[in-house]
Amino acid sequence: MMIKKIDNQTLKREFTSLAGLIAVIILTAVLTGGASLEKSNVQTVLIQFMVVLVSAAGSMFVSATGALDLSIGGIIGICSVIGFWAGKGENVPMIIGAGVVVGIACACLNGFLINYLNIPGLFTGIVIMTVGKNVAALATQKVQMIVSVKVTHLDRFEFYFIIVVFVIILGYIILNHTLFGTYIKAIGSNATSALYSGIRVKRYAMAAYVITGITCGVAAFLRMLRLGAVTSASGVGVELDVILGLLLGGMPVTGGTSTKVRAPIIGVLMLYVLSNGLILMGVPHDMINLCKGVIFIFACWISMDRKRGETLI
Amino acid sequence: MRNKKTFTRVVSILLIVMMAAFMSGGCGSPKEDKADKNETQSKSSGEIKYKIGFLHTSFSDSLGENALRCVNKAADTLGVEVQTFEDGGNGDKQLSTVENMISSGVDGILICPASDAVIPKIAEVCEKNEVYLMVCFRQVLTEEIKEALKGYKYYLGNCYESETDTAAMITDIVAEENENVCMFVQAPGMVAVDERIESFKSQAAVDNMNILADYTIANISNPSEDITPGMDMFLNSYPEATAVFLPGTAVGMGEAAVASVKSNGKVGDVKLAGFDSFEGMDGAFDDGILCALATAHHADPFYSFMVLYNAMAGTPLSEEQVELHLNYMVLTDAETCSELKEYILNPEYDLYSSDEILQFTKAENPDFDIDALQKEMDQYTLENVVERIKNRNE
């Protein structure tokens, strides 16, 4: 009886965020006269979505512990610059490899400051975000970091798709079928209980940041590939898209056992379908920002059970 | 109870989406047949023949607002719908927005690119979708990129201002009465701003001016926030400084700098000099706070738009890619600033009337070409524009 009840609740959660996504898709299709469903547009939105999804999938692990990672954009900026230099803009394995190593290093630093020096994640995130922006800006000051055609030939839907499928499957396995996944969800549910249960909370929380670092390295490469360059604004604003995407997808603000891989998929897709749809409908830029702001507040409201301090969806 | 809560949440999501949709003010099919549009070249009749996307850092500051006003006037006259987007100088956002705008059926893109590096990819996307692309406010400086762009048929070219020469001119003006200066530098990456900074530094050396200190504007998305602490540092730590150079005064930077001079009680002791335009600049000249300002380049997108329009209409002004150049108007006193505000930045007066705008199109004026446009742009001075507006209103 208990098992049946849990299943019903799971279905409800899935239904709510999924219903939102379907509603967005249908409404934008209707209001754009079907233009949003044209093949070329669908492909455009999916590529935009996939590039952000990789970062969101990594960030999901930190969010599962109940933390909020604001450093993603900054880390992506640093990974982009170092990856480009290491691979001279043309060696794909070097670009990805260096990006991932740098991503892990930055994320470790962030995780260490938060978990071992007890500095609030909000501050460390803002610092890394600022540093990352400036690293990218300084690096692109004198040299235009333009990616070689040896790399840009990978700028195809299929390539993004393969990378994203790999990241999502790996994320799913780690989150749902490993002790690590179980532990970080336990930390998010109740860190004190997790600690008394023998879970090394700091170590596992730190490992969640490492996963974010890895995905930031990969995401930096995908963004570089898509734009064909590293710019002074590489990575800027990614953290907001990721956080908003996770919330829209039903990711609990407090993390915990409700964390599901579908959250970043549904949420980020909803965000990008909506952004695309608003432009297709000819909504003025100031109204787009207003819409996103309102949606952000509603997403927080929807994902938070104010009585228990955790989410229902 | 739980079902009711879930239902409430589903309804909430649906309401948000509906609200977002209805805020657009209606619906319609964005895709139209380009061939049909080329058939008619009638004068403005309220009929929308083309649609363009206009991407700029901001449309809410003086520069963006006036640039959009000029473009909108031309667009209204020629039957063009303008869809705007504030990209905050973010290349990733620019690319995504260009893609989305192309899906919405635009015929052309007018863009102030975040950097040279983003132009090839945006040009590639436009080329693939047969959408014309014109760059405003920027000069492509990287040879590799210039070469890469040559192959694109739908990339029409760029329009730029002489940042280096104008910054040198501003420096000379500052050097006339000041020996010790401080300057703001911006987190690098925006080519035009980098050029202004480098030029100020090198010309200051030529003019034997001492740059006592600099302060980096690191907040790219909201640079005005860095102005107040920077000004406080200059005014309190370097009392011998008598001038401050600002590479940009847009997006609230000019207002913040003027407010700092006032709040630190340095009116008359410290002069400001810089680029762009801001609210209260005439008052700042009046109070003796501002000594030089390179401004009025908001007309750049208008001229760029005319290149774009003619190409969309099937009557390009040039068969080759163009590189247009617009002069800044350099203000040094309150009188000229008031004149600029009264005639050029005043929404009541258009830079060009509808009849004049029609003369910028090959359909109405078959002799008009890119050289004629450049010639017109060379005459873009305060005196000429004011005289033309006065004549028109007599």
Exercise. Residues in segment B:370-394 that are touching a Ser or Thr at 6+ places or on another chain (Cβ under 7 Å) and modelled with pLDDT of 95 or more: how many?
Worked result: 1
Exercise. Within the bounds of segment A:35-45, is there any residue that is outside any helix (DSSP H, G or I) and either within 14 Å of another protein chain (Cβ to nearest Cβ) or acidic (Asp, Glu) (or both)?
Worked result: yes
Seminar exercise, completed: Subset of segment A:277-295, residues surrounded by fewer than 16 Cβ atoms within 10 Å (Cβ to Cβ) and more than 7 Å from every other protein chain (Cβ to nearest Cβ), comes to A:Asp286, A:Asn289, A:Leu290, A:Gly293
Exercise. How do the pairs read when you match residues in segment A:231-250 that are free of Cβ contacts under 8 Å to residues at least 60 places away in the same chain with residues anywhere that are buried (at least 24 other Cβ atoms within 10 Å of the Cβ), using Cβ under 6 Å and keeping only pairs 6 or more apart or on different chains?
Worked result: A:Leu244/A:Leu271; A:Leu247/A:Ala299; A:Leu247/A:Ser303
For this session: Tell me which residues, restricted to segment A:1-26, are at the interface with another protein chain (Cβ under 8 Å from one of its Cβ atoms) and either modelled with pLDDT of 90 or more or surrounded by fewer than 22 Cβ atoms within 10 Å (Cβ to Cβ) (or both).
Result: A:Gln9, A:Lys12, A:Phe15, A:Ala19, A:Ala23
For this session: Would you check if there is a residue in segment A:51-62 being facing another protein chain (nearest Cβ under 9 Å) and either at pLDDT 90 or above or crowded, with 24+ Cβ neighbours inside 10 Å (or both)?
Result: yes
Seminar exercise, completed: Note on A:Phe112: of the conditions (1) surrounded by 20 or more Cβ atoms within 10 Å (Cβ to Cβ); (2) in a helix (DSSP H, G or I), unmet is (1)
Problem set entry | Pick from segment B:76-96, criterion modelled with pLDDT of 90 or more and not in a helix (DSSP H, G or I), ranking: farthest from the chain's Cα centre (by Cα) | B:Gly79
For this session: With the condition kept exactly as written, say whether any residue in segment A:87-102 is within 14 Å of another protein chain (Cβ to nearest Cβ), surrounded by 20 or more Cβ atoms within 10 Å (Cβ to Cβ) and of a type outside the set (A, V, I, L, M, F, W, C).
Result: yes
Exercise. Would a scan of segment A:155-163 turn up a residue that is in contact with a Gly (Cβ under 8 Å, 6 or more places away or on another chain), surrounded by fewer than 21 Cβ atoms within 10 Å (Cβ to Cβ) and either farther than 20 Å from A:Met251 by Cβ or within 14 Å of chain B (Cβ to nearest Cβ) (or both)?
Worked result: yes
For this session: Residue by residue through segment B:94-124, note down the ones that are facing chain A (nearest Cβ under 7 Å) and without any contact (Cβ under 8 Å) to a residue 40 or more places away in the chain.
Result: B:Leu95, B:Ser96, B:Glu99, B:Asn100, B:Ala117, B:Val118, B:Pro120, B:Lys121
Exercise. Helices (runs of 4 or more DSSP H) wholly in segment A:199-313 with at least 3 residues that are at pLDDT 90 or above - which ones?
Worked result: A:201-227, A:238-248, A:262-280
For this session: Give me a count of the residues in segment B:255-298 that are touching a Phe, Trp or Tyr at 6+ places or on another chain (Cβ under 6 Å) and assigned to a helix (DSSP H, G or I).
Result: 2
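Listed here are the residues, each with its yes/no results for (1) touching a helix residue (DSSP H, G or I) at 6+ places or on another chain (Cβ under 7 Å); (2) surrounded by 20 or more Cβ atoms within 10 Å (Cβ to Cβ); (3) hydroxyl-bearing (Ser, Thr, Tyr).
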| residue | (1), (2), (3) |
| --- | --- |
| B:Phe305 | yes, yes, no |
| B:Glu320 | no, no, no |
| B:Leu324 | yes, yes, no |
| B:Asn327 | no, no, no |
| B:Tyr343 | yes, no, yes |
| B:Asn346 | no, no, no |
| B:Gln359 | no, no, no |
| B:Glu364 | yes, no, no |
| B:Asn384 | no, no, no |
Exercise. Quick one: would you say A:Tyr196 is among the hydroxyl-bearing types (Ser, Thr, Tyr) and surrounded by 21 or more Cβ atoms within 10 Å (Cβ to Cβ)?
Worked result: no
Exercise. How about segment A:235-259: which of its residues are under 24 Å from A:Ile75 (Cβ atoms) and not aliphatic (A, V, I, L, M)?
Worked result: A:Gly235, A:Gly237, A:Glu239, A:Asp241, A:Gly245, A:Gly249, A:Pro252, A:Thr254, A:Gly255, A:Thr259
For this session: Could you tell me whether any residue of segment B:241-255 is in contact (Cβ under 8 Å) with a residue 12 or more places away in the chain, hydroxyl-bearing (Ser, Thr, Tyr) and surrounded by fewer than 17 Cβ atoms within 10 Å (Cβ to Cβ)?
Result: no
Exercise. Has segment A:201-220 got any residue that is within 14 Å of chain B (Cβ to nearest Cβ), under 30 Å from A:Leu138 (Cβ atoms) and surrounded by 24 or more Cβ atoms within 10 Å (Cβ to Cβ)?
Worked result: yes
Problem set entry | Checklist (1) outside any helix (DSSP H, G or I); (2) crowded, with 17+ Cβ neighbours inside 10 Å applied to A:Gly171, failing item | (1)
Seminar exercise, completed: Conditions (1) surrounded by 19 or more Cβ atoms within 10 Å (Cβ to Cβ); (2) in a helix (DSSP H, G or I) -> B:Glu176 fails only (1)
Problem set entry | Sole residue being modelled with pLDDT of 90 or more and either among the hydrophobic types (A, V, I, L, M, F, W, C) or more than 23 Å from the chain's Cα centre (by Cα) (or both), chosen from A:Leu138, A:Leu175, A:Leu122 | A:Leu175
Exercise. Does segment B:328-345 contain at least one residue that is farther than 20 Å from B:Asn66 by Cα, in contact with a Ser or Thr (Cβ under 6 Å, 6 or more places away or on another chain) and of a type in the set (D, E, K, R)?
Worked result: no
Problem set entry | The one condition in (1) assigned to a helix (DSSP H, G or I); (2) more than 16 Å from B:Tyr309 (Cβ to Cβ); (3) of a type in the set (A, V, I, L, M); (4) within 12 Å of chain A (Cβ to nearest Cβ) that B:Leu68 fails to fulfil | (2)
Problem set entry | Tally of residues being among the basic types (Lys, Arg) and part of a loop (DSSP other than H, G, I, E, B) across segment B:323-366 | 1
Problem set entry | Complete set of residues in segment B:131-147 that are in a loop (DSSP other than H, G, I, E, B), without any contact (Cβ under 8 Å) to a residue 60 or more places away in the chain, of a type outside the set (A, V, I, L, M, F, W, C) and more than 10 Å from every other protein chain (Cβ to nearest Cβ) | B:Arg138
Seminar exercise, completed: Quick count over segment A:115-159, residues being in a loop (DSSP other than H, G, I, E, B) and acidic (Asp, Glu), is 1
Exercise. List, please: which pairs have Cβ atoms under 8 Å, are six or more places apart or on different chains, and start with a residue in segment A:122-143 that is more than 9 Å from chain B (Cβ to nearest Cβ) and end with one that is of a type in the set (A, V, I, L, M) and part of a loop (DSSP other than H, G, I, E, B)?
Worked result: A:Leu122/A:Leu68; A:Leu122/A:Leu70; A:Gly125/A:Leu68; A:Gly125/A:Leu70; A:Ile126/A:Leu70; A:Ile128/A:Leu70; A:Met129/A:Leu70
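The values are calculated or read from the model by the stated rules, or taken from the named source; none is laboratory data. Quantities reported herein were computed from a predicted structural model and do not represent experimental measurements. Positions of Cβ are backbone-derived with ideal geometry, glycine not excepted, and every protein chain shown enters the neighbour counts.
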